[in-house]
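Colleague: Structure in structure tokens, see below.
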Amino acid sequence: MPLLGVATSLFGAEKPRRKRLGVCSYSYNIHWKAARDGHPQVRFKDTIEFLEYCRQLGAGGVQIAVGSRETDYPKKLRAKAEAYDMYFEGQSSLPQQSSDVERFDAEIRAAREAGAGVVRAAMLGGRRYETFDSAEAFRQFAEKSWHSLTLAEPILKKNRVRLAIENHKDRRVPELLDLLKRIGSEYVGVCVDVGNNIALLEEPMAVVEALAPFAFSTHLKDMAVQEYEEGFLLSEVPLGEGFLDLKKMVAVLQKANPTIQFNLEMITRDPLKIPCLTSKYWATMENATAAQLAAALAVVRRNVATKPLPHTSGLDLDSQLALEDEHVKASFAYARGNLGL
């Protein structure tokens, strides 16, 4: 099976669902930490409660790990989602070695039992330019993540569940496409994050267009930027408040895969520093060019945010929780009014 068009080749016969914006669990990072810490006023504490809260927002579905190890929990989750006419997409971490395959298999089976046809994963938990100090360190990561993928692919095929690998500030587009071509599986595609690769000096619309043929899922977000002395600051902001062409991105992704779901990833936090003018940043970016750096900085300068970027530092927890919820709700209002989601 040729890799081109993998997103629709095996699953193109599925009936497209009416699109409503869904919610990725990372949109509520502050809330989940508060729940783990026992905050008395949290609105949800587990996956089913999260699904129910997102329903109140008007969400079409959720992307989150099943979480509970209770035997009947996946069936309860599926029943809730179906009763609410919501989709469920899973999340999992790839097996790191052979001894981890059993755990991965159990998570994929639980996700399938809960109704997920797609499970999102990231190969690197951090960011390339922060995690690695040398090209050799990044090369070792690339080899290990390839091994993880080869362990995961037979499990995905056995369970008929698709893995959506997020472009998670780790691989640039050519590197990720090479990985997909190498594995050559209809069960391995991409969770297209429409803003992440700005941090790797890639133009966001070009990233979406390149990855769309392999898209199984999405992280939909808007981004704002400002310069600082070592490069630029990058922030998720409520949909419509950044510089991304969201209408075109949604159209490109939906044309490539009519069954794709759009999951809001509105992470409320301090701006990320993209230190693209430092030597450490370039230690693993030997394939990037001066022209790409210049183009990225030009994009930043053309789109400098006209108001301060969001911050959570200096806010008490209740204020952080309120800001996080406010950002998500503002994004839903924009998506309904402007994106048809």
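The values are calculated or read from the model by the stated rules, or taken from the named source; none is laboratory data. Quick caveat, the model's predicted, so the values are computed rather than measured. Quick reminder, even Gly has a Cβ in these numbers, built from the backbone with ideal geometry, and neighbours come from all protein chains shown. All accessible areas refer to the heavy atoms of the entire protein, side chains included, with ligands and DNA or RNA removed. Shrake-Rupley method; radii C 1.70, N 1.55, O 1.52, S 1.80 Å.
Colleague: Using label points projected 7 Å from each Cα along Cα→Cβ, tell me how many nm separate Ala251 and Glu52, to one decimal.
Modeller: 4.1
Colleague: Could you calculate the contour length gain from Val101 to Trp146, that is, 0.36 nm times the residue separation minus the distance between their Cα atoms, to one decimal place in nm? Working shown, then result.
Modeller: Details: separation 45, 0.36 × 45 = 16.20 nm, distance 1.43 nm.
Taking Val101 through Trp146 to full extension adds about 14.8 nm, to one decimal.
Colleague: What shape does the stretch 182-341 take by its C-alpha gyration tensor, where a ≥ b ≥ c are the square roots of the eigenvalues and a/c under 1.5 counts as rounded, a/b above b/c as prolate, and the rest as oblate?
Modeller: On the way: a/c = 1.73, a/b = 1.03, b/c = 1.68.
Taking the square roots of the gyration eigenvalues as a ≥ b ≥ c, the stretch 182-341 is oblate.
Colleague: Could I ask something else about it? Given the whole protein assembly as supplied and a 1.4 Å probe, what does the accessible area of Glu241 come to in Å², nearest 10?
Modeller: 90
Colleague: Taking the alpha-carbon distance from Lys45 and a cut-off under 14 Å, which aspartates and glutamates remain once sequence neighbours fewer than 8 residues away in the same chain are dropped?
Modeller: Cross-link targets: Asp37.
Colleague: Indicate the gyration tensor shape class of the stretch 184-253 (rounded, prolate or oblate), computed on the Cα atoms with a ≥ b ≥ c the square roots of the eigenvalues: a/c under 1.5 is rounded; otherwise a/b larger than b/c is prolate and the rest oblate.
Modeller: Values: a/c = 2.56, a/b = 1.71, b/c = 1.50.
Prolate, because a/c is 1.5 or more and a/b exceeds b/c.
Colleague: May I pose another question? Tell me, what % of the accessible area of the chain is carbon and sulfur with a 1.4 angstrom probe? Before the final figure, lay out the partial values.
Modeller: Details: 7480 of 14810 Å².
Heavy-atom surface of the chain belonging to carbon and sulfur, 1.4 Å probe: 50 percent.
Colleague: Say the cut-off is 25 Å between C-alpha atoms; which of Lys247/Lys280; Lys33/Lys221; Lys248/Lys329; Lys144/Lys280 go over it? Please list the in-between numbers first.
Modeller: Values: Lys247/Lys280 35 Å; Lys33/Lys221 21 Å; Lys248/Lys329 22 Å; Lys144/Lys280 22 Å.
With Cα atoms farther than 25 Å apart: Lys247/Lys280.
Colleague: Then there's this: By the gyration tensor of its Cα atoms, with a ≥ b ≥ c the square roots of the eigenvalues, what is the shape of the stretch 127-247: rounded for a/c under 1.5, prolate for a/b over b/c, or oblate? Please report the intermediate quantities before stating the final value.
Modeller: Values: a/c = 2.53, a/b = 1.38, b/c = 1.83.
Oblate.
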